[in-house]
Amino acid sequence: MSGPFGSTAWMSNPSTDFYGFPISNSLRFDAGSSNYLERDSYTHNRQIFTYSFWIKNTNPTVRQFIFGRYVDGNNVSALEYDSGGRLSWYDYQSSGYTFQQRTTALFRDVSAWYHVVLRVDTTDGTAGNRARMYVNGVELTSFGASTTVSQNVSFLLGDGGNDFRWGTEGSNNRLHFGGYLADITVIDGTSYAPSAFAETKNDIWIPKDTAGLTFGNGGYRLQFKQTGTSQNSSGIGADTGGNDEHFSVSALAAHDVVPDSPTNNFATLNPLLSDPSYPVTYSEGNLKSTQTEKYFSGASSIAITKAMGGKWYFEAKGISSGNFPMIGVMPTDKEQIPIITNNAGSSLRYTYGGYDGKIWHGSYASYGATWDQDVIGVAFDWDNKKIYFSKNGTFQNSGNPVNGNNPAFSSMTDGDYYFYLLNGAGASNRDQIWEVNFGQNGTFSGAHSSGGNADDNGIGDFLYDVPAGYLALCTANMTAPVATVDPAQGGSPQNYFNTVLYTGNGGDASSPHAITGVGFQPDWVWGKNRDAGKYHYLCDSVRGVGATSLASNDDIVEEDVGFDAFGSDGFSVSDIDSGTTNENNNKYVAWNWKLNGTGAANTDGTINTTATTVAAHGGISISTYTGDGNNNVTIGHGLSGTPELVIIKPRNYADNWVVSWGNGNGMTGLTLSDNMYLNLTTAAGGASNGRFLANDSDTVNLGANWNNINKDSSSTYVMYCFKSIDGMQKIGTYLGTGNADGPFVFTGFRPAFTILKRTDASGRSWIMQDSARSPTNPVIIEVDADAAATEYSSNASSGYNVDYVSNGFKIRTSNVNWNASGGTYIYMAFSEQPFKYANAR
């Protein structure tokens, strides 16, 4: 769909019901281009001020400055990322720190936006209030290095001397920032809380219009609404706050003003998807990749999922010449990049090669023209499972993405896919450089005049015409999650899952301890004493309270551990068994799910359930049933589709918890017979053969009358069933690499809770981690579902484990419990925020 360049279509975010104040644009910085914004002899109140800005950092493991005021080596005031991904804010005068905060949190999410607020009031009588740092509205209080500012100290910032610069240290002009900045607001003379700049809406931190704030004499606002290079109201650095504090630009041009923003987050290439054997260098806001060996050259940060469906388009250009470039889509569910992108994984991807003009999906087929330093368009029709490729605007092989004729591929495998780039050379030392455009880079960083082509929603700037019906890959175009968990429709994943931490008080049954803060009345509570080697406790509304608790780490029958009641905002516990639920001063974690009360009988199967309760989003159900001792029986589950994971436990006799993914080939490397036990560390398979048949959209199918699923008519059971729900929860597998730069697992949301287990080796635990016990990255605290042991926290010597990020989780350890080379891991993840709206973490 064509649209004139110079119209506002590509420069604006379409209005939505969710964002009351859409941010239109951001400014892209490239660390290798020495670009920055500069204000010479800039002054503001040096004791009281506030800085607010949104940031998308595309290379957080390289030291770089976000802003700085540099006098000399003994006098610097700046905010920087260190090489580990920590934020470091400091004021250094006369060879000493007047103030310093270096976070312990690592900010390594490259696919979404953070909001940062720095507020200063050195006249405050309370030392802790004089300089404060916030990310996404939350004050940071844990620092690896910290110097408290003395009362009435004046910062170097705003002293009117040497240049102040965004994107580098200041006049020292080094360690340039790489990424995006949006809606920079600086307040002179007032220390504002983050709520002046943003607000929480349905558990998402979103921007507010700051136009009504008191900017003071030297305050300013940079919204990047203009594209000129002069230091005036028509320039990139134009001040829209009313004080005419316009910034000059260095090595920045009109093409660096892009529509990627906190309210419409565009896909980029995702550096967390990696092949450590053949590293890729990213630049130009993660829209350019340089591969100096072979194989993987980058993939999109947004995946086209089954829940999204639809039709999608992007463009990419080969910058280097003659090195076997390939382009197409690849599945997300294998998760080990080397397996997908080398020759052994050729049957997993759908690719168009430039060297010979052939397409490749396990074998070569003639297709279109050869290509090299050309712009290749990829039109992916997920709904009809077809792909089309264009060369410089002409679709090959007479393909027509609009009417569906002559696709390069059809009848594709059902699944979730990334757009991806590849250097297909079989030999090493085959350099390949790519630049991509998901709709925010229509000039390919100034190499072309913009085509001004938007999609049907008026979004994006593409060099060539976008086929009718196809969309740019950005969050504004993403399909909304299920209404009950969609923040734009009043929902939230946190309405259905939440973790609470509490401290026991030793109260007995006569004075039970009321645990609140869940946010809803839970129907399933799974808890654990963090301080002592006590059993887990699992209680649900279907089985009720009292003598109904089960322990995931043992095969015991139901018992009373002091779980007394489900409440409107939590639950009540009492200390009746020496510490499982309420030992005085012991710390506890409880994971809570909301379903639909006590439920009702389900009659879909050959065995009727006593009761089944189902979450409103359709992804979790809890059922109780009585066995009949027969083979090949079915039990209704009530979900909105086929279960991907089923857990069954006998209630009135001791036997193991059975875990099954009995839906055919839904899990990579696993089959119907590969069941496991939640209370044991054994590998999948073995004696479980024949226990389950393939589930369907109505029932769980038990293949054999094994004791722990269907012993006889006097045996009772509880059954937990799960299926993936876009934006809410995901069940899947990944393959380990054995490298500390481990797999990235795409979930389509920012996780709140994960459980994972190695399936192909014994002795590996069910690892449980969450964002409540590790509120910032890395996620380093775990308990094991199969063990009564106290929780464990990794450290620098044992290696950081996992990062939770806006679109999934990244394994950052070579420990075999998470990431053995070639190991198969099953995971279940629950959401904190859907990626369509998620802030970076």
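The values are calculated or read from the model by the stated rules, or taken from the named source; none is laboratory data. Computed from a prediction, not measured in an experiment: that's the story for all the values here. Positions of Cβ are backbone-derived with ideal geometry, glycine not excepted, and every protein chain shown enters the neighbour counts. Surface accessibility is based on the protein's heavy atoms, side chains included, excluding ligands, DNA and RNA. Shrake-Rupley method; radii C 1.70, N 1.55, O 1.52, S 1.80 Å.
Descriptive notes on the structure:
- Computed over the Cα atoms of the range 722-761, the ratio of the radius of gyration to the Kirkwood radius (Rg/Rh) comes to 0.98.
- Ligands, DNA and RNA left out, the 1.4 Å accessible surface of the chain is 43% carbon and sulfur atoms.
- For the chain, fraction of C-alpha pairs farther apart than 35 Å, in %: 51 percent
- For the chain, a crude dipole built from +1 on the beta carbon of Lys and Arg and -1 on the beta carbon of Asp and Glu, taken about the Cα centre, is about 940 debye to the nearest 20.
- Qualifying aspartates and glutamates (Cα of each under 17 Å from Cα of residue 391; at least 8 residues distant if same chain): 315, 356, 372, 374, 435, 465
- Ordering 48-57, 264-273, 229-238 by mean Cβ neighbour count within 10 Å, with the highest value first, yields 264-273, 48-57, 229-238.
- For the range 107-161, the pair-distance distribution built from all alpha carbon pairs, in bins 10 Å wide starting at 0, is 20, 43, 28, 9 percent.
- Solution diffusion estimate, µm²/s, Stokes-Einstein, the range 164-320, Kirkwood Rh from C-alpha pairs, 37 °C, viscosity 0.692 mPa s: 176 µm²/s
- Probing with 1.4 Å while keeping every protein chain in the model, the per residue accessible area of the chain equals 31 Å².
- Calculated over the range 639-771, the projected area of the Cα convex hull averaged across directions stands at 8.9 nm².
- Measuring between alpha carbons in the structure, the pairs from 730/836; 587/810; 201/836 lying more than 18 angstrom apart are 587/810.
- Normalising the average separation of contacting C-alpha pairs (under 8 angstrom, six or more residues apart) by the number of residues puts the relative contact order of the range 420-516 at 14 percent.
- Karplus-derived 3J(HN,Hα), 6.51/-1.76/1.60, for each residue of the range 271-276, Hz, glycine and proline x: x, 6, 7, 9, 10, x
- Packing order of peptides 737-748, 438-449, 151-162, highest average first: 737-748, 438-449, 151-162 (average count of other Cβ atoms within 10 Å over each peptide's residues).
- Reference-scaled alpha-carbon Rg (2.2 N^0.38 Å with N residues) for the range 748-826: 1.04
- Over the range 701-841, equivalent-ellipsoid semi-axes from the Cα gyration tensor in Å: 28, 19, 15
- Translational diffusion of the range 146-250, µm² s⁻¹ [Kirkwood Rh, Cα pairs; Stokes-Einstein; 20 °C; 1.002 mPa s]: 136 µm²/s
- Globularity ratio of the range 454-575, using Cα Rg and 2.2 N^0.38 Å: 1.67
- Look at the alpha carbon pairs under 8 Å that are at least 6 residues apart: their mean separation over the length of the chain gives a relative contact order of 10 percent.
- Links that overshoot a 21 Å alpha carbon limit, given the list 358/386; 649/723; 56/288; 306/385; 208/594: 208/594
- When the chain is described by a simple charge dipole with +1 on each Lys and Arg Cβ and -1 on each Asp and Glu Cβ, the residue from 501, 300, 242 located farthest towards its positive end is 300.
- Seen from every direction in turn and averaged, the convex hull around the alpha carbons of the range 367-469 projects onto 7.8 nm².
- Only Lys, Arg, Asp and Glu carry charge here, each on its Cβ (+1 for the first two, -1 for the last two); on that basis the range 242-330 has a dipole of about 520 debye about its Cα centre.
- With the cut-off at under 17 Å, measuring from each backbone N in the range 440-467 to a point 7 Å along the Cα-to-Cβ line of residue 383 picks out 455-458, 467.
- log₁₀ of I(q)/I(0) at q = 0.17, 0.20, 0.27, 0.29 Å⁻¹ - the range 417-478, Debye sum with one point per alpha carbon: -0.67, -0.82, -1.13, -1.22
- Put simply, when 830-841, 562-573, 209-220 are sorted by average Cβ atoms within 10 angstrom per residue, most first, you get 830-841, 562-573, 209-220.
- Helix-only [θ]222 nm of the chain, DSSP H runs n ≥ 4, -39500 (n - 2.57) each, per residue, nearest 500: 0 deg cm²/dmol
- Using all pairs of distinct alpha-carbon atoms, the Kirkwood hydrodynamic radius of the range 77-144 works out to 12.9 angstrom.
- Stokes-Einstein D for the range 216-301, Kirkwood Rh over Cα pairs, 20 °C, 1.002 mPa s (µm²/s): 140 µm²/s
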